[in-house]
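Here's the structure we're looking at; comments come further down.
The values are calculated or read from the model by the stated rules, or taken from the named source; none is laboratory data. In this text the structure is predicted, and so the values were computed from the model without any measurement. All Cβ positions, glycine included, derive from the backbone under ideal geometry; neighbour counts span all protein chains shown. All accessible areas refer to the heavy atoms of the entire protein, side chains included, with ligands and DNA or RNA removed. Shrake-Rupley method; radii C 1.70, N 1.55, O 1.52, S 1.80 Å.
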Amino acid sequence: MTVKSKFFLTALPLLFVLFSIFLYERMLDIKFTDVLPNISGQPRSGIGDSIVYKIGVVSRFSPSLLYRGYQPLISYLNSQTPFHFELRLNKTYSEAVQQLASGELEAAFLGTYVFLKYMDVQPIHAFLAPLSSDGQPHFRIVLITREDFPYKKLTDFSGQRIGVPSPLSFSGNWLQKYILPKVWPAGMPKPQFVSYDFHHTVVQHLIRNDLAGGVVKDRVAEEYAGKGIRIVRRSRYIPASPLVRGPASDQRVIEAISDVLTRIPDRKRMVLKEWDAEFRHGFVRVKDQLYKKFKQELDEGEMSGFISFHISH
Amino acid sequence: MGLFHSIFPIKGIRARLLVAFGAMLVILFWIISFLILNQWRRMILTNAEEQVESVTRAFSIFVIETFIFAESNQMKVDDALDYYIRDYLAREPRLRYIAIYDPQGTILVHSDPQRFIYTPHDSLAPLILQSGKALNRAYQDADYGWVIESAFPLQIASKNWGVLRMGFEAGSVRKEIQGLFYSLLMFAAIITVFALILLYILSGYLTASLRKLTTAIDRFEIDKPLNFEQPPYEDEISLLYQHFTRMQNRLQESQSKVMEIQRQIYQAEKLASIGRLASGVAHEINNPLNGIKSCLYAINRDPDDHCQTAEYLKLIDEGLQHIETIVTKLLGFARRPSKSREAVNLNEALKKVLQLLEFRFSQKQIRLSLKPDNNLPPIQADSQLMQEVFMNLLLNSYDAVSEKGHISVMSGIEDNERVFVRITDNGPGIDPEDQKKIFDPFFTTKEPGEGTGLGLSVSLSIVQAHGGTIEVQSQPGRGCEFKVILPIGEEK
């Protein structure tokens, strides 16, 4: 055997073994580090201003979920105005109203029902309201049931369970407070009302056959269109939940908020998709008069049966 | 194949096939295994990374909630986070640590108090927040071993609370890859061995005809047909068989010619020997002829002397018998050798040759010592050729010795398997240089016309044809010894 042969016959298996060992070490060395993207520009945080303007919101959802819907709007305000805003979570509407009145909050998102309740007793004023898909600052409440349920009219729900959202919302009060007292036949057993925290929960329980019907905002019902529910009745239009200012709110700040949120350029309308579903069609300036008029109509209707919900028996 | 053979000097097509295909298979399976292993390793790591990031993302929701809750309730955030971290560490056995840094990278909470002290700052935190994406890594830690860590930004939109780092043990990931490595190594080894066994069997089928042909060639005799059944199909083996058969035919023709020429050479050399014997033979015949002539003269002179006539006729008869004997011996020597072999007693062959040389030896007053082994067994040989060998060697000795020289002839048995005839003379011996050439055809140290130079060459070829050999020992001035060794063999 030649020297070359000996070399190859020794070197090749040795090389193979060495390479296998190398490969083994290489495969088991799992060390890695993601590469950070090349970041340019300013940090996303707008921290830097000395004054922080707080905008209140009542935390009916999980705080992080609420932040996902509201924080992008706050971030947009921070990026489009010279002011720095922060969300402030309030446990209750009354707390939010109190903080607005005291000036602790610059503005707050309140429900229509709560605003109507407090507008005459506290110096708070609506200045913006979200638009619905038809471009108007209003919404409707709907009575829904499952597609396969036989209920056609309100009295069909006699003695049945109907789910409603928070008692501090219009949806939670509409049927039992404003409608049934007017239209329900005497002597007929009324529906049983079951309260849930959120509109979506009402729909979920309805689909799961826990309920015969449910009362929710039209926007929520639209989300479930084609998913096993149908609308039995709709309410008249109700003014949308307003963004409210307090007596000590800085007018420049309120004007800046109003200006930015009502004039979102087309090129920036993509940001609306990140906002809470209620704000995705933008905002419009509103005045207390809108709500006062509605309240007047409501009061009068309640007294005289004016509210036209077209309930059929 | 030349390069391959120079590197791997392996004999046999089968072995070469095995080595070549084995090497190729090993390399091929190694490459395939490497590619599979690399791909699976990537999948395992990606999966582990995604799991870690997913868990970190899920846990970040609790952390953000806690931050928001603490802000709303004017609480210290680390108090609330401590509870979550302890609880989660207790629930998740793979979790090694949880650390939370504020947006500037200052540590807020760490599950390991020692780390809280010694790693108070995370310089990457602002960058991670700025990128808005998780930063994952795997590394080896002196305390935790191999760890996969995800650094997740605690932020919603532009609201930043900090960075959450969660480290999970990665030893199980390495074990998974290790298991995969061994499995693939084993798989490749098994497949390679299996393929080699298959190849060995297949190559056995492929080379079976070749091996049969090789065996047949090993047992090949030039004058007998090849003991090999020609393959029914026209493949390389069949072609090889056809060519070999043709070569066999050509060899047979060549051998016939060579043998014919050899016979002619033997005969010519024999005739040359007879020529050299002619004077002795003539003398042997002449003596009785003179006697016969004298007897005839005496009978003619006195034809009535019946008593004398009867005596002389008896003498004439004896003389004629002597002449007949000489002529018979000469004819017997001159006869062409037979092609068959028979049981030959070498002592008898020697005697016949020595009788022919008797006169020449006496002329030169050579002293002959004959020591035959009377127990010498007969050998299978051609008697004529054996006589020719001895004639050549004895004539060679005769030429070598001077007047009154000495030639010794003896026979014997060696190792119970061979017989020998040793012819020794006390001539001048052979020069060492010439010893190498004495069996070459036409080599002679005699004067031109005194020898053909074929005697020893022919003798050697005859002895070799009988399976024997001729050894020569000589030193200049101290004579020469030729030893003819022949196998006893079995009587056919």
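Return the Rg/Rh ratio of segment A:141-235 with Cα-based radii and a Kirkwood Rh.
The Rg/Rh ratio comes out at 0.93.
Which percent of the accessible heavy-atom area of the protein assembly as shown goes to carbon and sulfur, probe 1.4 angstrom?
56
If every alpha-carbon in chain A counts as one equal scatterer, what log10 I(q)/I(0) does Debye give at q = 0.10, 0.13, 0.15 1/Å?
-0.66, -0.99, -1.22
Write out the GluC sites (Glu not before Pro) in segment A:202-268 meeting two conditions: DSSP loop, and at most 13 other Cβ atoms within 10 Å of their Cβ.
Answer in residue order: no site qualifies.
Could you name the lysines whose alpha carbon sits less than 16 Å from that of residue B:446, not counting residues in the same chain fewer than 8 places away?
B:437
Based solely on its DSSP helices, what 222 nm [θ] is calculated for the protein assembly as shown when runs of n ≥ 4 H residues each add -39,500 (n - 2.57) and the sum is averaged over all residues, nearest 500 deg cm²/dmol? Write down the numbers at each step before the final one.
On the way: 22 runs with 401 residues, N = 805.
Result for the protein assembly as shown, helices only: -17000 deg cm²/dmol.
For labels at residue B:46 and residue B:287 in the simple 7 Å Cα→Cβ model, what's the distance in nm?
Spacing of the two 7 Å Cα→Cβ label points: 11.9 nm.
Accessible area, 1.4 Å probe, largest first: how do A:21, B:36 sort?
Heavy-atom accessible area, descending, gives A:21, B:36.
With unit charges on the beta carbon (Lys/Arg positive, Asp/Glu negative), name the residue among B:195, B:116, B:128 whose Cα is farthest towards the positive pole of the charge dipole of segment B:83-215.
B:195
Just to confirm the number: angle between the C-alpha axis of helix A:93-102 and the first principal axis of chain A, 0 to 90 degrees, nearest 10?
Computed tilt is about 90 degrees.
Which trypsin sites (Lys or Arg not before Pro) in segment B:170-250 sit in a loop by DSSP (not H, G, I, E or B) and have at most 15 other Cβ atoms within 10 Å of their own Cβ? All intermediate terms of the calculation are to be shown ahead of the outcome.
On the way: sites: B:174, B:175, B:211, B:212, B:219, B:246, B:250; in loops: B:219.
Within segment B:170-250, the qualifying trypsin sites (Lys or Arg not before Pro) (loop, at most 15 other Cβ atoms within 10 Å) are B:219.
Could you run the numbers on buried accessible area between A and B, total for both chains, 1.4 angstrom probe, in Å² to the nearest 100?
Counting both chains, the buried surface is close to 4100 Å².
Can you give the % of DSSP beta bridges in segment A:141-235 that are antiparallel, to the nearest 5?
60
Residues of segment B:13-39 losing 20 Å² or more of accessible area relative to the isolated chain, 1.4 Å probe, heavy atoms only?
B:26, B:30, B:34, B:37
Could you give the C-alpha radius of gyration of chain B expressed as a fraction of 2.2 N^0.38 Å, taking N as the number of residues it contains?
Dividing the Cα radius of gyration by 2.2 N^0.38 Å gives 2.30.
Taking 1 over the mean of 1/r across every pair of different Cα atoms in segment A:174-313, what Kirkwood radius in Å do you get?
Answer for segment A:174-313: a Kirkwood hydrodynamic radius of 18.5 Å.
Leaving out same-chain residues fewer than 8 places away, which lysines sit with a Cα under 25 Å from that of residue A:190?
Reachable lysines: A:152, A:153, A:177, A:182, A:217.
Distance from a point 7 Å along Cα→Cβ of residue B:247 to each backbone N in segment B:15-36: keep the residues under 12 Å and list them by number.
Correct set: none at all.
Test of understanding: what is the full-extension gain from residue B:261 to residue B:434, defined as 0.36 nm times their sequence separation minus their Cα-Cα distance?
Taking 0.36 nm per residue and subtracting the Cα distance, the gain is 59.6 nm.
If you average 1/r over all unlike Cα pairs in segment B:1-127 and invert the result, what Kirkwood radius do you get in angstrom?
19.7
At 1.4 Å probe size, put B:87, A:148 in order of accessible surface, largest to smallest. Walk me through the numbers on the way to the answer.
On the way: B:87 50, A:148 105 Å².
Listed by decreasing accessible area, they come as A:148, B:87.
What net charge is computed for the residues neighbouring residue A:204, neighbours being all others with C-beta under 13 Å from the C-beta of residue A:204, Lys and Arg scored +1, Asp and Glu -1?
So the environment of residue A:204 carries a net charge of 0.
Per residue, how large is the accessible surface of chain B? Use a 1.4 angstrom probe and give square angstrom.
Details: 27510 Å² over 492 residues.
Spelled out: the 1.4 Å probe surface of chain B, per residue, equals 56 Å².
Compute the accessible area of each residue in segment B:105-131 twice, once for its chain alone and once with every protein chain present, using a 1.4 Å probe on heavy atoms, and list those whose area falls by at least 40 Å².
Checking the loss per residue gives B:130, B:131.
Just to make sure I understand: if all protein chains stay in place, what is the order of B:410, B:386, B:43 by accessible area at 1.4 Å, largest first? Before the final figure, lay out the partial values.
On the way: B:410 60, B:386 0, B:43 110 Å².
So the residues, ranked largest to smallest area, are B:43, B:410, B:386.
Residue A:227 to residue A:193: FRET efficiency via 1/(1 + (r/R0)^6), r the Cβ-Cβ distance, R0 22 Å, to the nearest 0.05?
On the way: r = 23 Å, r/R0 = 1.07.
Calculated transfer efficiency: 0.40.
When we measure straight from the Cα of residue B:314, which lysines land under 25 angstrom away, once same-chain ones fewer than 8 places off are left out?
Counting by Cα, and skipping residues close in sequence, residue B:314 has these lysines nearby: B:293, B:329.
Contact order normalised by length for chain A, with contacts defined as Cα pairs under 8 Å and 6 or more residues apart; what percent is it?
It rounds to 25 percent for chain A.
Report for the protein assembly as shown the percent antiparallel among DSSP-assigned beta bridges with both residues inside it, nearest 5.
On the way: 74 of 96 bridges.
The antiparallel fraction comes to roughly 75 percent.
Applying 1/(1 + (r/R0)^6) with R0 = 35 Å to the Cβ-Cβ distance of residue B:198 and residue B:172, what FRET efficiency is obtained, to the nearest 0.05? Please report the intermediate quantities before stating the final value.
Working: r = 38 Å, r/R0 = 1.08.
It comes to 0.40.
Any chance you could look up the accessible area of residue B:307 with a 1.4 Å probe, heavy atoms only, rounded to 10 Å²?
That residue has around 110 Å² of solvent-accessible surface.
Which net charge results for the neighbourhood of residue A:152, defined as the other residues with beta-carbon distances under 15 angstrom from its beta-carbon, given Lys and Arg at +1 and Asp and Glu at -1?
Result for the local shell: +2.
For chain B, what are the DSSP H helices with axial Cα length of 24 Å or more and mean Kyte-Doolittle hydropathy of at least -0.5? It would help to have the intermediate numbers written out before the result.
On the way: long enough: B:13-72 (86 Å, 1.01); B:171-218 (65 Å, 1.13); B:236-301 (91 Å, -0.42); B:306-334 (41 Å, 0.21); B:346-363 (26 Å, 0.00); B:383-400 (25 Å, 0.22).
Qualifying helices: B:13-72, B:171-218, B:236-301, B:306-334, B:346-363, B:383-400.
Would you calculate the volume per residue, in Å³, of the smallest convex hull containing every Cα atom of segment B:103-195?
Residue-normalised Cα hull volume stands at 124 Å³.
Which of the listed residues, B:40, B:313, B:265, is farthest toward the dipole's positive end in the protein assembly as shown, when Lys, Arg count +1 and Asp, Glu count -1 at the beta-carbon?
Result: B:40.
Would you mind checking which residues have amide H under 5 Å from residue B:370's amide H? H placed 1.01 Å from N; only 5 or more apart, or other chain.
Answer set, sorted by chain and number: B:409.
Go through B:439, B:406, B:470 and say which Cα lies farthest out towards the positive end of the charge dipole of segment B:343-492; charges sit on Cβ, +1 for Lys and Arg, -1 for Asp and Glu.
So the residue we want is B:406.
What is the ratio of the Cα radius of gyration of segment B:343-492 to 2.2 N^0.38 Å, where N is its residue count, to two decimals?
Dividing the Cα Rg of segment B:343-492 by 2.2 N^0.38 Å gives 1.00.
Take the alpha-carbon positions of segment B:226-336, form their convex hull, and give its projected area averaged over all directions (one quarter of the hull surface) in nm². Mind dumping the intermediate values first?
Values: hull surface 46.2 nm².
Averaged projected hull area, Cα only: 11.5 nm².
Let me know the mean shielding of B:133-142 by other chains, meaning the per-residue number of their Cβ atoms within 10 Å of its Cβ. Display every interim value, and only then the final one.
Numbers: counts 3, 1, 5, 3, 4, 6, 4, 3, 0, 0.
Taking the mean over all residues of the peptide, I get 3.
Expressed as a whole number of Å, what is the distance separating the alpha-carbon centroids of segment A:246-305 and segment A:89-160?
What the calculation gives is 12 Å, centre to centre.
Taking 20 °C and 1.002 mPa s as the conditions, I'd like the Stokes-Einstein D for the protein assembly as shown in µm²/s, using the Kirkwood hydrodynamic radius from alpha carbon pairs. Don't jump to the answer; show the numbers that get you there.
On the way: Rh = 40.6 Å.
So the translational diffusion coefficient is about 53 µm²/s.
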